[in-house]
Amino acid sequence: MREYLLTLCITAAVTYLLTGPVRKFAIVAGAMPEIRARDVHREPTPRLGGIAMFFGLCAGLLVADHLTNLSEVFEKSNEPRALLSGAALIWLIGVLDDKFEIDALIKLGGQMIAAGVMVMQGLTILWLPIPSVGSVALTQWQGTLLTVALVVITINAVNFVDGLDGLAAGMVCIAAAAFFLYAYRIWYSYGIEAAAPATLFSAILMGMCLGFMPHNMHPARIFMGDSGSMLIGLVLAAGAISITGQIDPDALKLFAGSEKAAVHQTVPVYIPLLLPLSIIAVPAADLISAIVRRTWRGQSPFAADRGHLHHRLLEIGHSHSRAVWIMYFWSALIAFGSLAYSVNSASMWIVLGVVFLSAIGLVLLLLPRFTPRAPMWAQAVVPPRYRRRRPVAAEPVEVEQRTPVAVGVAGVNGATALRARSHAPERRKAETSR
């Protein structure tokens, strides 16, 4: 755990320290697109934040390769190199899009190529745990198609939700935290070494997001752009592929009996990670609704609009910060609720807790103009916007008595003038003529 935390901190530190210079570079390079109709920010903001995040990824992998225990991940598995290859390709495509606005179909092709590069180096789905059937081995083509589909869906889900300051980075960080806890439990508690790469990927992903968020929170000083959103989406998908499609469910040995019974009992553990909809459920729901909405209108699924979930939160009256925190809340509820359910699916308290928190989330959605106020004893420790405002007595305002001037009097600048025009220019002119 110490080595994972060290890798996380190094990744976050490198990302944080590089974001400032990257912002200056983006301004000089002209990567500050004009404000579009669907944007919610008011001033042009530089992109290319994904550059700092990519170098943070490289720093995290480099540090992990030189640590005592984590270096075994690089010796026993080729997955870290596969991730770096795919990340470099998708990052390059994102940088070009942030600067030159490349076509959506070209980006889609680049995403598929990046997924194919990872598949060629061994990061692919080998089998699937299916309820009441068991582990189903996939052919090479089936595994490749499923892996590419998972990568493309995850990348675009994260890219679609990147519409508010700090939204995508925070939601992916929450997803990575839940994924890290799950993968670490599989690796450490059950001694399954095949879960170590996914644990490393999620730790590095958390560091990338945490290092970038201080620069990206509202009001954002820099955006991650497609170079960042597609990058973190690919890393998240790589972790899901690594732990879901390459670990034999029967290796957990949670239940006695046949492999078929074991898979049937461990469905709550594996199905949420098959297509990580439970971890990025909110971005995935936004992606599906956007595709259906645009297709119904006869538009391209890649056409931009203001119908995303975060846009709707702003339209019903939520502030920018509150809309972001509501999205954080729902992401954490779904991700950690699925994590708790995978640990103990028979506990009724987990179900009741999720239901109770869901009710709280619905209340927050229905009260867009509610601003909580802290009690009097906590006034000194909460932000100013949550403090109770004390009434201030209005001071008497002295009104200057002016003599009304009739229209047409010499020296008055029209009917709206309140006093005669200053004659200082005439005096200066007379002094100059002398």
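Values quoted throughout were computed directly from the atomic coordinates according to the rules given, and no laboratory measurement underlies them. Note that this is a predicted model, so its numbers are computed, not measured. Backbone-built Cβ (ideal geometry, glycine too); neighbour counts: all protein chains shown.
When peptides 65-76, 154-165, 177-188, 221-232 are ranked by their average number of other Cβ atoms within 10 Å per residue, the highest-first order is 221-232, 154-165, 177-188, 65-76.
When the square roots of the Cα gyration tensor eigenvalues are ordered a ≥ b ≥ c, the ratio a/c for segment 98-177 is 1.5 or more and a/b does not exceed b/c, which makes its shape oblate. For the pair segment 211-226 and segment 156-189, the centres of their Cα atoms are 16 angstrom apart. Computed packing ranks the peptides 81-89, 48-56, 21-29 as 48-56, 81-89, 21-29, most packed first, by mean other Cβ atoms within 10 Å. Name the shape class, rounded, prolate or oblate, that the alpha-carbon gyration tensor gives for segment 99-236, where a ≥ b ≥ c are the square roots of its eigenvalues, rounded holds for a/c under 1.5, and otherwise prolate holds if a/b is larger than b/c and oblate otherwise. Judged from the Cα gyration tensor, segment 99-236 comes out oblate (a/c at least 1.5, b/c at or above a/b).
In terms of its alpha-carbon gyration tensor, segment 77-125 comes out oblate; a/c meets the 1.5 threshold, while b/c is at least as large as a/b. Highest mean packing first, where packing is the average number of other Cβ atoms within 10 Å per residue, the peptides 138-149, 109-120, 92-103 line up as 109-120, 92-103, 138-149.
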